[in-house]
Amino acid sequence: MTDKDAYLWMVGTRCAPELDAEFNRWYDEVHIPMLAREGHILSVNRYRLSSEVESDQAQYLAIYRFKDVGTFKSWLASDALSEARSEMKETWGGRDMEIRTRSFYEPVSQWSKSS
């Protein structure tokens, strides 16, 4: 399977500046391992919004890769996702962190620079 075949679940989040280090540590060390524990997710890449261009987009973007729609749907119904969402509410409920966007993309085409 190549990246051009991957289905993408994209989640945009923001948190208060004073929570930034805690949020990133939690996301990488707790949240992603919980979400990925059942093997549905191929990989996760996380990004911080650059200040190079003015934007109203979410501060952080996580891109989860899935091999197909069936695997994604199975993950949506999984114990891993349910438990990760519960843990997230326990950890961040009432604190200055929010999910701003969620979206699912299917592959259309891929371009890459030839070597």
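The values are calculated or read from the model by the stated rules, or taken from the named source; none is laboratory data. Note that the coordinates shown come from a computational prediction; the quantities given were computed from them, not determined experimentally. Positions of Cβ are generated from backbone atoms using ideal geometry, with glycine treated the same way; all protein chains shown enter the neighbour counts.
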Selection count where residues are over 19 Å from Glu22 (Cβ atoms), touching a strand residue (DSSP E or B) at 6+ places or on another chain (Cβ under 7 Å) and aliphatic (A, V, I, L, M), scope the range 73-115 | 0
Residues located in the range 1-41, provided they are in contact with a strand residue (DSSP E or B) (Cβ under 8 Å, 6 or more places away or on another chain) and among the aromatic types (Phe, Trp, Tyr) | Tyr7, Trp9, Phe23, Tyr27
Pairs where the first residue, in the range 73-93, is surrounded by 13 or more Cβ atoms within 10 Å (Cβ to Cβ) and the second is modelled with pLDDT under 95 and not in a helix (DSSP H, G or I), C-beta under 7 Å, 6+ apart = none
Cross-chain or 6+ apart pairs with Cβ under 8 Å, the range 31-54 first and in contact (Cβ under 8 Å) with a residue 40 or more places away in the chain and acidic (Asp, Glu), then surrounded by 12 or more Cβ atoms within 10 Å (Cβ to Cβ) and not in a loop (DSSP other than H, G, I, E, B) | Glu38/Trp75; Glu38/Ala80
Starting from the range 94-106, keep only residues that are farther than 18 Å from Tyr64 by Cβ and surrounded by 14 or more Cβ atoms within 10 Å (Cβ to Cβ), then list their pairs with residues that are hydroxyl-bearing (Ser, Thr, Tyr) and modelled with pLDDT of 95 or more whose Cβ atoms are within a distance under 8 Å, requiring at least 6 positions of separation or different chains.
-> Met97/Thr13
